[in-house]
Amino acid sequence: MVGAAEDEVSAQAPLLRAIGTSVFFLGEVGRGNILKLLNNLCALSNQAVLCEALTLADRLGVPRETVGAVLGKASGASFILERKLKALAAHDYAAGFFVDLALKDLRLVLDLSERAGARLDVGRQAARLYEEATRKGFGALDSSGVIRVLEP
C-alpha cells in the first residue's frame, strides 16, 4: 500500500514489487497508512469474533479444530481463520503481531474515524477487548492471544 501514484515512485516500483506480492499505488501521501489501518480494523475485529466463537465452542464441548473445519467451508471462512486456527487450536499464542501493536492500530483507526465523523461500533468493541488483554498482561502475546481474556 503505497501513498503515491505509480509514476511518482517509478524508480522504486521494482523494489516494491520484489518485496510485496501485491503493490497498490494509492495516490496521495498517507493513503497507504489509511489502508493499512482499515485492513487491520477488519482483520482484528474478525479475529476478536473468531476468538469469541472458539471460547464459546470450548464451553459447549466442540473442539476448536472442528469449528475451524466447518467455518472454513462455510460463510464464516476468513483469512484470519485460515491463518490463525492451528495456533488457536493448540492454545499457542506465541507472538507474531503483538496484542499491544493491534491495540495501537485500533486506537489509530478509531481516532481517524472520529476525525472523519464515521461510526466504528464493532471496531470500538474490538478495541475494548484488546485493551483488556493489555491490562491483563497479555500485550506481548500474538494478537490472537486476545482469546486469553475470553478463555474459561
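The values are calculated or read from the model by the stated rules, or taken from the named source; none is laboratory data. Just so it is clear, the structure is predicted and the values come from calculations on it, not from any experiment. Methodologically, a virtual Cβ is constructed for each residue, glycine included, from the backbone with ideal geometry; neighbour enumeration extends over all protein chains shown. Note: accessible area is taken over every heavy atom of the protein model, side chains too, but ligands, DNA and RNA are not part of it. Shrake-Rupley method; radii C 1.70, N 1.55, O 1.52, S 1.80 Å.
Putting +1 on Lys and Arg Cβ atoms and -1 on Asp and Glu Cβ atoms, find which of CYS42, GLY123, ALA90 reaches farthest to the positive end of the dipole of the chain.
ALA90
Compute the accessible area per residue over the chain, keeping the other protein chains in place, probe 1.4 Å, unit Å².
For the chain, the solvent-accessible area averages 60 Å² per residue.
Is there a quick way to get the dipole size of the chain? I mean about its Cα centre, with the Cβ of Lys and Arg at +1 and of Asp and Glu at -1; what is the value in debye to the nearest 20?
So the magnitude is around 300 debye.
For a quick protection proxy, order the peptides 43-56, 127-140 by their average other-Cβ count within 10 Å, most packed first.
43-56, 127-140
Quantify, in whole percent, the carbon and sulfur part of the accessible surface of the chain (1.4 Å probe; protein heavy atoms only).
Roughly 57 percent, rounded to a whole number.
For the chain, state what percent of all Cα-Cα pairs lands in each successive 10 Å bin, counting from 0 Å until the bin that includes the largest distance.
P(r) for the chain, in whole percents per bin: 11, 34, 31, 19, 5, 0.
Which values of log₁₀ I(q)/I(0), to two decimal places, follow from the Debye formula for region 34-76 at q = 0.30 Å⁻¹ with a uniform point scatterer at every Cα?
Normalising to I(0) and taking log10 leaves -1.00.
Projected area of region 77-152, taken from the Cα convex hull and averaged over every viewing direction, in nm²?
Working: hull surface 22.1 nm².
For the Cα atoms of region 77-152, the hull's average projected area reads 5.5 nm².
Considering only lysines 8 or more places apart in sequence, or on different chains, count the pairs in the chain whose C-alpha atoms sit under 19 Å apart.
So the count works out to 4.
Please list SER22, SER144, SER78 from largest to smallest accessible area, probe radius 1.4 Å, with all protein chains kept in place.
SER22, SER78, SER144
Can you give the accessible area of VAL70, probe radius 1.4 Å, in Å² rounded to 10?
Accessible surface of VAL70 is approximately 90 Å².
Can you give the calculated 222 nm mean residue ellipticity of the chain, where each DSSP H run of n ≥ 4 adds -39,500 (n - 2.57) and the sum is split over every residue, rounded to the nearest 500 deg cm²/dmol?
Taken over the chain, the calculation gives -19000 deg cm²/dmol.
For region 17-152, calculate the relative contact order in percent as a whole number, restricting contacts to Cα pairs under 8 Å that are 6 or more residues apart.
Relative contact order comes out at 32 percent.
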